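Visitor: Would you mind keeping the following structure in view while I ask a few things?
No value in this document is a laboratory result; all are computed from the given coordinates. As the structure is a computational prediction, the values presented were derived from the model and not from experiment. Every residue, glycine among them, receives a Cβ derived from its backbone with ideal geometry; neighbour counts consider all protein chains shown.
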Amino acid sequence: MEKVKVELCMGSSCFARGNSQALANLESYISENHLEDRVELIGHLCLGACSSGPNMKIDDISFSGVRSECVVDLLIDALNRKDNS
């Protein structure tokens, strides 16, 4: 099964705007649900859209202005899309 690829911007702007908490939320969810074999979590120094951050990508879909409390829901949606494809 192909992994869901989650790319999180860890640049100073996105990190300060909430991606530090988003990272913690994703790591906790992945660990608690034993999804390490289904999710690849990658940090980037910049995803190139600093003014609209915090930013992340899941597979080929980019998200801007992401709230840390929403990242797990975005991941769940992506996992469901993989399961149904």
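Visitor: Could you pull out every residue, at least 5 positions away or on a different chain, whose amide H is within less than 5 Å of the one on ALA49? Hs are placed 1.01 Å off N in the peptide plane, and Pro or chain starts have none.
Guide: Under 5 Å from the amide H of ALA49: no residue qualifies.
Visitor: Separate question: Among 40-47, 55-62, 15-22, what's the highest-first ranking by average C-beta atoms within 10 angstrom per residue?
Guide: 15-22, 55-62, 40-47
Visitor: Something else about it: Sticking with the crude label model, points 7 Å out along Cα→Cβ, report the distance from LEU45 to SER62 in nm, one decimal please.
Guide: Simple spin-label model gives 1.9 nm for this pair.
Visitor: For the range 47-61, take each phi angle, set θ = phi - 60°, evaluate the Karplus expression 6.51 cos²θ - 1.76 cosθ + 1.60, and give the result in whole Hz per residue in order, putting x for glycine and proline.
Guide: Per-residue couplings from phi come out as 9, x, 9, 3, 5, 10, x, x, 10, 7, 10, 10, 6, 9, 9 Hz.
Visitor: How far apart, in nm, are the 7 Å Cα→Cβ label points at TYR29 and ASN80?
Guide: It works out to 1.2 nm between the two label points.
Visitor: Quick check: pseudo-label points 7 Å beyond the Cα along Cα→Cβ at GLU2 and SER52, how many nm apart are they?
Guide: Distance between label points: 2.4 nm.
Visitor: Distance from the Cα centre of the range 5-28 to that of the range 41-84, in angstrom?
Guide: A separation of 9 Å, based on Cα centres.
Visitor: Please work out which option in [x] 42, 34, 19; [y] 34, 24, 18; [z] 45, 33, 22 gives Cα extents along the principal axes in Å calculated from these coordinates, and answer with its label.
Guide: [y]
Visitor: Name the long-range amide H neighbours of LYS5: under 5 Å, sequence gap of 5 or more, or other chain; modelled H, no Pro or chain starts.
Guide: So LYS5 has HN proximity to GLU40, ASP59.
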